[in-house]
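*Asks:* Have a look at this one.
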Amino acid sequence: MSAADEISPRRRRLILLMPLAAFLALSAVFLVQLFSGRDTSVVPSALIGQPAPQTELPPLEGLPLPGVDPADFAGKVTLVNVWGSWCVPCRQEHPLLMELAGESDIRLVGLNYKDQPENARRFLGELGNPFDAIGVDRTGRGAIEWGVYGVPETFLVGPDGRIRYKHVGPFTPESLREDLMPQIEQALSERS
């Protein structure tokens, strides 16, 4: 008599149903998350409330703009946008950044992530340049210090040099209006 013959039919059925029960439990967890209504573009950041990283980045060659210097954050409300010319969602959100640059009393800083200088300049030449400064992060080290998961990502730095807000993914008109603008208005009201 083999070991398989010694297992009772009831126990065999239980063993066969265990994977189905595990699958149903995991499916329930995924469905709860899916229908929770949580905004997946909001990623918690350990940097919220912390000083902006002290990462200096060189300027983008061929443009008359400075690179990223953390000392420039002091006393200003700054939006730091991590982008790359190869990034399709960056291209999608770019018109909104152009609009924001024309309307707002904030400083826009670009962190050009793992890009070729000629491609970055071409991107800005085609779509316009909303940035007051652009730092080049060829290796991705600067993005790591900012806690970047992917591009585009955007950080709002308050006049005190602390990160106030983080947005993952491209902005939409709704996320700009409902999420970012209230944060900007609050930060602007705190300027001295």
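*Asks:* For the list (1) farther than 21 Å from ARG138 by Cβ; (2) β-branched (Val, Ile, Thr); (3) not assigned by TED's automatic domain parsing to the domain that holds GLY140, I need the number of the one condition that THR55 fails.
*Replies:* (1)
*Asks:* Residue under question is PHE155, and the condition is that it be within 23 Å of GLN186 (Cβ to Cβ) and out of contact with any Cys (no Cβ under 7 Å at 6 or more places or on another chain); does it hold? Spell out how you get there, then give the answer.
*Replies:* Values: within 23 Å of GLN186 (Cβ to Cβ): yes; out of contact with any Cys (no Cβ under 7 Å at 6 or more places or on another chain): yes.
Yes: the conditions hold for PHE155.
*Asks:* When you go through TYR113, TYR149, TYR165 one by one, which is the residue that is hydroxyl-bearing (Ser, Thr, Tyr) and buried (at least 21 other Cβ atoms within 10 Å of the Cβ)? So that I can check it myself, show each step before the final result.
*Replies:* On the way: TYR149 fails: buried (at least 21 other Cβ atoms within 10 Å of the Cβ); TYR165 fails: buried (at least 21 other Cβ atoms within 10 Å of the Cβ).
Of TYR113, TYR149, TYR165, the one residue that is hydroxyl-bearing (Ser, Thr, Tyr) and buried (at least 21 other Cβ atoms within 10 Å of the Cβ) is TYR113.
*Asks:* Scan the stretch 166-192 residue by residue and report those that are closer than 22 Å to ALA143 by Cα and in contact with a Pro (Cβ under 9 Å, 6 or more places away or on another chain).
*Replies:* The answer is LYS166, HIS167, VAL168, GLY169, PRO170, PHE171.
*Asks:* List the strands (runs of 3 or more DSSP E) inside the stretch 38-141, counting only whole elements, that have at least 1 residues being closer than 16 Å to GLY158 by Cα and within 16 Å of the chain's Cα centre (by Cα). Spell out the reasoning first.
*Replies:* Details: elements: 78-83, 107-113, 133-137.
Hits in the stretch 38-141: 78-83, 107-113.
*Asks:* Out of ALA143, ALA120, which single residue is within 22 Å of MET98 (Cβ to Cβ) and either touching a residue at least 60 places away in the same chain (Cβ under 8 Å) or in contact with a Cys (Cβ under 9 Å, 6 or more places away or on another chain) (or both)? Steps first, please.
*Replies:* Details: ALA143 fails: within 22 Å of MET98 (Cβ to Cβ).
Sole residue among the options that is within 22 Å of MET98 (Cβ to Cβ) and either touching a residue at least 60 places away in the same chain (Cβ under 8 Å) or in contact with a Cys (Cβ under 9 Å, 6 or more places away or on another chain) (or both): ALA120.
*Asks:* Looking at the stretch 142-158 only, could you name the residues that are part of a loop (DSSP other than H, G, I, E, B) and touching a helix residue (DSSP H, G or I) at 6+ places or on another chain (Cβ under 7 Å)? I'd like the intermediate steps shown before the answer.
*Replies:* Just the residues of the stretch 142-158 that are part of a loop (DSSP other than H, G, I, E, B), to begin with: 147-152, 158.
Across the stretch 142-158, the qualifying residues are VAL151, PRO152, GLY158.
*Asks:* Would you point out which residue out of SER45, SER104 is assigned by TED's automatic domain parsing to the domain that holds ARG162 and at pLDDT below 95? Working first, answer last.
*Replies:* Working: SER45 fails: assigned by TED's automatic domain parsing to the domain that holds ARG162.
Unique residue meeting the criteria: SER104.
The values are calculated or read from the model by the stated rules, or taken from the named source; none is laboratory data. Quick caveat: nothing in here was measured; it's all calculated off a predicted structure. As a convention, Cβ positions derive from the backbone with ideal geometry for all residues, glycine included, and neighbour counts pool all protein chains shown.
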